[in-house]
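What follows is a set of notes on a single structure, which appears directly below.
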Amino acid sequence: MKNIIIFGAPGSGKGTYSAKIVEKYGMGHISTGDVLRGEIKNGTELGKIAKGYIDNGQLIPDELMIDILAKTYDAQPAGKGVIFDGFPRTIAQAEALKKMLAERNTEMGIMVELDVDADILMKRLLNRAIEQGRADDNEETIKKRFEVYRTQTAPLIEWFEKEGIRHTFSAKQYPGIDDMINAISAVIDAENK
Ligand code: ATP
Ligand code: MG
């Protein structure tokens with residue numbers, strides 16, 4: 001299986017669709033948000049550092065994040081293909097991922113971009129705040145995360161386009177979860193032929 005990078009704004013459904021793809025294709029899954037929340041929950045040194053950034057809607061510094069990603073990747077079972085969910089979020093992270101995978105004789109594979117309108121994103125995140133109680137799902141922090149996404153992460157769309165691996169899926173075109181999964185699966189199947 002080719003690796004997959006699932007990409008989109010906060011609340012775009014990266015976690016939801018990753019879980020479905022993992023279920024369908026039996027791939028590995030790295031969610032950097034989940035990794036960091038696990039560290040916070042376990043009260044590790046890394047968790048303490050991460051909490052300050054996350055609660056403020058800011059990104060964890062690239063060097064630290066790249067180190068965490070490499071360690072998490074190397075702990076995955078080999079040979080199945082991995083979904084990267086929430087990484088890369090900056091150009092520096094993307095360059096580092098490309099290099100890291102090349103050193104391990106693999107590559108980024110397929111970039112899946114989830115394109116969702118801002119008003120829908122805000123509604124979903126505020127709803128998730130009620131359902132899951134994530135500390136960074138409050139209106140003020142969400143606005144900061146959107147701004148960080150716009151300035152630091154969205155420029156990656158062009159970067160992936162240049163890499164020739166970008167596939168965009170619009171929530172307008174595929175409004176239901178099943179429609180979206182079918183469209184994404186068609187690309188995954190074609191890319192793995
Ligand atoms: P969703 O999963 O709904 O798309 P999200 O993208 O906002 O939402 P996560 O991916 O869970 O949420 O990330 C939560 C927070 O963890 C980020 O706001 C950021 O502070 C930190 N974080 C996660 N991944 C990275 C990364 N690659 N680089 C820097 N910080 C990160
Ligand atoms: Mg997530």
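The values are calculated or read from the model by the stated rules, or taken from the named source; none is laboratory data. The structure displayed is predicted, hence computed values, not measured ones. Note: ideal-geometry Cβ built from the backbone for every residue, glycine included; neighbour counts use all protein chains shown.
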Going through the range 109-153 in order, the residues found to be more than 13 Å from ligand 1 (Cβ to nearest atom) and of a type in the set (A, V, I, L, M, F, W, C) are 110, 111, 118, 130
Among the residues of the range 1-30, how many are among the charged types (D, E, K, R) and within 11 Å of ligand 2 (Cβ to nearest atom)?
1
Residues of the range 8-37 being among the charged types (D, E, K, R) and surrounded by fewer than 19 Cβ atoms within 10 Å (Cβ to Cβ), in sequence order, are 20, 23, 24, 34, 37
Given the options 4, 54, name the one that is β-branched (Val, Ile, Thr), within 12 Å of the chain's Cα centre (by Cα), closer than 26 Å to residue 159 by Cβ and buried (at least 16 other Cβ atoms within 10 Å of the Cβ).
4
Starting from the range 7-20, take each residue that is closer than 16 Å to residue 136 by Cα and list its partners that are of a type in the set (S, T, N, Q) and near ligand 1 (Cβ under 8 Å from one of its atoms), counting only C-beta distances under 9 angstrom and pairs at least six apart or across chains.
15/31
Contacts under 7 angstrom Cβ, first residue in the range 110-133 being in contact (Cβ under 8 Å) with a residue 40 or more places away in the chain and outside any strand (DSSP E or B), partner of a type in the set (A, V, I, L, M) and within 11 Å of ligand 1 (Cβ to nearest atom), 6 or more apart:
116/9; 121/9; 122/142; 125/142
Only one of these is at pLDDT 95 or above and not basic (Lys, Arg): 83, 130. Name it.
83
Among residues of the range 1-31, those that are farther than 13 Å from residue 181 by Cα and either in contact with a Pro (Cβ under 8 Å, 6 or more places away or on another chain) or of a type outside the set (A, V, I, L, M, F, W, C) (or both), counted:
11
Index of the failed condition, residue 106 passing every other in (1) within 16 Å of ligand 2 (Cβ to nearest atom); (2) in contact (Cβ under 8 Å) with a residue 60 or more places away in the chain:
(1)
